[in-house]
Amino acid sequence: MAVVEMMGMSLIGPRQEIEALAAELLTLGNFEPVPLEFALERRPASLSSGGARISTFQKNPYDELLEKLNYVWKEAGAVFPAERTCSRDTPSLSREECSRQVLDVAQKIDIWKKRAEVLEEEREKLMAAGAFLDALASADRDVEETLMTRYLSITFGRLSAENYKKLEEMAAVTPLLVYPVVAEKGYVLAIVFCSRDYLEEAEKIFRTVYLKEYRLTDLFEGAGTNLRERLRERQLDSERAIRALQEAPRNYLGRRRKDLERLYCAVHSLQRVYALCQKRGEMSGIFVLSGVIPAPTLDRVADQVERLGPNTLLLTEKGTELEKRGRQLPTLLKNNFLARTFQEIVALYSLPSYGETDPSPLVALSFCLFFGFMFGDVGHGFLLAAGAWWLARKGILKKAFASVIRIAGVSAMVFGFLYGSVFGSEEILPSLWTSPMHGISDLIQTSLFVGVAFLSMGIAINILALKREGRTGKMLFDGEGVAGLLFYWTAALTAAIAFTSDGGAPKPLLAVLGLLFLVILFSSVLERLLFGPQEKDEGGVVHTFTVFHDLLSFLSNTASFVRLAAFALNHAGLSAAVFMLSDMVHSLPGGALFRAAVLLLGNIVIVGLEGLIVFIQTLRLEYYEFFSKFYHGGGRPFAPVTWNGKKQD
Amino acid sequence: MSFLAAGERAAVTAKARVYRGRLLAPSDYLRLLELETVGEIAAYLAKTEAYGPYITEPSPETMHRGDLEAIITSVPLLEEIPFCRYLGPERSALLRAWGERFDVDVIKRVLRIITTGMGSRENLRRRVASVPITVADGEKLLAAGSLRDVLESLRGYPLYDILAEPLKRIEKEGGTLFRPKMAMDAFFLTRILSKGKKLSGSEGRGVRQIFGTRADLINMYWIYRSRRFFSLTPEEALGLTLPVRYRLNFDTLSSFAFAPDVPSMVKLLRESPYGEAFRTSGGNEVPEVGEMALEHNLYRILWRTASAIFRSGSAGVHAVLAYLTLRELEVKDLFTIIEDVRYHYDRKKAREFLIHPAAASFAGKEREVEPSWL
């Protein structure tokens, strides 16, 4: 009903024109690119024979540039600009120019970062030296005296706490003396003593525990007096320089923000354009860009091609042709507000495949009918609709889902007027049709009639789909085809007469039922006889079971609709129980308060819990009873490329 | 143990047991060894319950070795994910830590490509596409052109601190990737065991049993190799061990490392709880065991450890880890079979190197050399 017809489209032209057109397609947001092979098969001979010479772009060169720009912003501690801040014109800079500018900025940041790393290492070393000096001072030892030992080697370094533990273990079986100086943030600064003769072996051990050694002789060489003070000063100098280098990217971005944002927009535009061109082809400077568009938008695309690509060739192919070649086309649904709201419910089951009937309009009607029927109450319906509106406004409930609940609430209100029910009370409003507590028989009959009508509609849609597919035999003789529908109606009529009259089931109708049963049972044989060999036979046994299953499902599916009446009664019963409870607590001390509390809580439970149950029962009727007659789904949503990425429609 | 935890444990154990039932039977191994091409192996596996759902190629008989290996390597990882859905945060963190080991494998491969030029980035990309990497920035890692780039891809992840020093040292002074690789293995085992420590009772014991045994075997193996092949000093050999101990404490490992010579060390190794891996059919008098046989003997000990978890009948996440270990070892066996078939090695000989003891003992009647513990 509302699955938009799609078309295959290829643009073949020089690079500049294709780039401009790709930018326009991004603005239009109606183009889903497809791999080159999708379009190439059975194309004009000149193109398909050149297939081997066409090279495809597997990688988007602008991804890397965007990544680098992201890195610049990240290092500056700023938020990357939003895509929507860019104007959507044809890219203004060439690829070479973009690349040069981006690399230039990224290189600057890299240099600052590397310099900061070197200084950080230096600071770490100075800190370690300070810790070493403090340790010596507490042991009352002099630096020079300690470092100039003749037989003893001192190693000072940093290692992880885990490896320090391992080093301690090793010290138990080797001539090493290990002392921790400072332990923080999972690291330990340690001093290791060993004899100079053992130093070579010790160094091998140090390597296995990844000891980062600080050469003390380098640090303290020519230290002289006031060593601790000068170390502290050097450390402060390093820290100042590190801070300046860390702030450099932020300052740079602050000074050149406008230029950098312009550069970002240029790169982003080109990145999006090439996202379209990725996996497309190039042949001697000529670009090939293929994709799928909604057929109604073809004229607009053709206008743009005429305006921006005078040397570009536009090739189109109908969706039906593509389907014949085994290509799966994406699904784009177009519906009015009400049906669009219920697309979510359909998509929750499965999106219609391309060419399949979109059940959204029917679901919109039936959902309102089923929900309202089972939950008919003016007050509760109002609370449900208002609650959904409030939850959506607070962002707690998804907008589309909230719309479904809002409409369901309104439907409950309409049925509330029909039942004359407000917050479970049937005494405030007059009933326009019937009351669940007093008109049970009416409700059951109506629900069965609704069931028969909806199942018939499902089978009718299936018949139309089979006709469209050209499967005439199946359409005529199948259990879910014309024969099945006639059987169902005859059975329904027979049952209605049998239950309402004294004479039982009329014999002619029973004879017709028998005949239709035989037609359905031997449908494969009839199909073969009248229309020749058909699709792969499922085998006699499977077919017989399928027939029995189909026919029995008429009974079970129809009976399933009795739940419409059952839940309407359930709603009235629950409301009556709440009133009874409130009356019981009314006689207690402070009874008015208790009564109000019971009424409030009871109604909350009815709206929340019963509302949820009725919602689930409605879905069940849709998915199991209704959809099982005709709907397959399995569609892939149309995902056109836009400036902001892929849009899942 | 809370009521919910009991539910979690029962659910994943039941699932693990069902999955275990789908592992290849010994007869499958024999049939696979009778095949002539890698395509035939792929077609055979595509029909099994264990691999069928993962080999989705319409005509598996045309598959190449690389493609098939890429698929079967991912299988244990893909199977780990659904288990997490049944588990609370504590247990699923443990399973995720198990999965991270495969991420570590990707890092090792990238390092190998950078330092030796060997390996394919495309294969790694495919692997990461099927199971995303979680211990590093995957894109940056796969694009890394230098050790510094690899380190940069790890920034903000726990492995950064582990690898910063070893990688910087290699960049400055050169050297092999041996130490960074060991550091990663140590990281993985320490992490999984520390997460396992949070579990009590049979579950905690089971986790320690599987991964403690693995750590012990690695430690033994490295001390043996360090002394036997690389002529490292005892200190260096000991220094290479993982900081994780289970049945072999530091003193026992020291006694191996500081043994006066290789035959004395092998003697000590044979007397250890895992000594069977170092024994040959010639008895204790034969001083050495073949390198490949040793490796497979060690894997068989792991196989037996994982199987013992199922025999114990206890329920918990350790049963899942035991199953995944068995699956991982099965994949190793398939690699052996693929290589044997691809290069037309002697199939009788090939059977000797299967890890699955029942599959190997099927062929055992024809075998000339059989480890005495089988």
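The values are calculated or read from the model by the stated rules, or taken from the named source; none is laboratory data. Treat the numbers as computed from the prediction; the structure is a model and nothing was measured. Glycine gets a Cβ as well: all are built from the backbone with ideal geometry, and neighbour counts include every protein chain shown.
Summary table below
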{"quantity": "In segment B:53-105, residue modelled with the lowest pLDDT [restricted to those that are of a type in the set (Lys, Arg) and assigned to a helix (DSSP H, G or I)]", "calculated": "B:Arg101"}
{"quantity": "Any hit, segment A:532-540, residues being touching a Gly at 6+ places or on another chain (Cβ under 9 Å), under 23 Å from A:Leu485 (Cβ atoms), of a type outside the set (A, V, I, L, M, F, W, C) and outside any helix (DSSP H, G or I)", "calculated": "yes"}
{"quantity": "Residue match in segment A:507-514 (condition: in a loop (DSSP other than H, G, I, E, B), charged (D, E, K, R) and not assigned by TED's automatic domain parsing to the domain that holds A:Val422)", "calculated": "no"}
{"quantity": "Criterion (assigned to a helix (DSSP H, G or I), modelled with pLDDT under 85, in contact with a Leu (Cβ under 7 Å, 6 or more places away or on another chain) and closer than 30 Å to A:Val641 by Cβ) met by exactly one of A:Arg300, A:Arg228, A:Arg272, A:Arg234", "calculated": "A:Arg272"}
{"quantity": "Some residue of segment B:11-18 being touching a Gly at 6+ places or on another chain (Cβ under 6 Å), within 18 Å of B:Leu324 (Cα to Cα), surrounded by 18 or more Cβ atoms within 10 Å (Cβ to Cβ) and not hydroxyl-bearing (Ser, Thr, Tyr)", "calculated": "no"}
{"quantity": "Of the criteria (1) at pLDDT below 90; (2) more than 20 Å from B:Ser307 (Cβ to Cβ), which one B:Glu40 fails", "calculated": "(1)"}
{"quantity": "Within segment A:142-184, considering residues that are within 9 Å of chain B (Cβ to nearest Cβ) and hydroxyl-bearing (Ser, Thr, Tyr), the one nearest to A:Tyr214 (Cα to Cα)", "calculated": "A:Ser160"}
{"quantity": "Where B:Glu139 falls short, out of the listed (1) closer than 28 Å to B:Leu240 by Cβ; (2) within 11 Å of another protein chain (Cβ to nearest Cβ)", "calculated": "(1)"}
{"quantity": "Candidates B:Glu49, B:Glu36, B:Glu100 - the one that is closer than 30 Å to B:Glu203 by Cα and touching a residue at least 40 places away in the same chain (Cβ under 8 Å)", "calculated": "B:Glu100"}
{"quantity": "Test: residue in segment B:104-114 that is surrounded by fewer than 16 Cβ atoms within 10 Å (Cβ to Cβ), more than 20 Å from the chain's Cα centre (by Cα) and touching a residue at least 12 places away in the same chain (Cβ under 8 Å)", "calculated": "no"}
{"quantity": "So A:Ala129, is it more than 60 Å from the chain's Cα centre (by Cα) and either more than 14 Å from chain B (Cβ to nearest Cβ) or of a type in the set (Phe, Trp, Tyr) (or both)", "calculated": "no"}
{"quantity": "Some residue of segment B:190-203 being facing chain A (nearest Cβ under 10 Å), out of contact with any His (no Cβ under 6 Å at 6 or more places or on another chain) and either touching a residue at least 40 places away in the same chain (Cβ under 8 Å) or under 21 Å from B:Thr305 (Cα atoms) (or both)", "calculated": "yes"}
{"quantity": "Elements of type helices (runs of 4 or more DSSP H) contained in segment A:17-109, each with 2 or more residues being at pLDDT 75 or above", "calculated": "A:61-75"}
{"quantity": "Listing of helices (runs of 4 or more DSSP H) fully contained in segment B:214-289 that carry 1 or more residues being at pLDDT 90 or above and within 14 Å of chain A (Cβ to nearest Cβ)", "calculated": "B:250-257"}
{"quantity": "Pairs where the first residue, in segment B:218-241, is of a type in the set (Ser, Thr, Tyr) and the second is at pLDDT below 85 and part of a loop (DSSP other than H, G, I, E, B), C-beta under 8 Å, 6+ apart", "calculated": "B:Ser226/B:Leu232; B:Ser226/B:Leu240"}
{"quantity": "Elements of type helices (runs of 4 or more DSSP H) contained in segment B:118-166, each with 3 or more residues being assigned by TED's automatic domain parsing to the domain that holds B:Arg101, of a type outside the set (Phe, Trp, Tyr) and at pLDDT below 80", "calculated": "B:121-130"}
{"quantity": "Some residue of segment B:167-180 being under 29 Å from B:Leu87 (Cα atoms) and either of a type in the set (Gly, Ala, Ser) or touching a Lys or Arg at 6+ places or on another chain (Cβ under 9 Å) (or both)", "calculated": "no"}
{"quantity": "Odd one out for A:Pro352 among (1) in a helix (DSSP H, G or I); (2) at pLDDT 90 or above", "calculated": "(1)"}
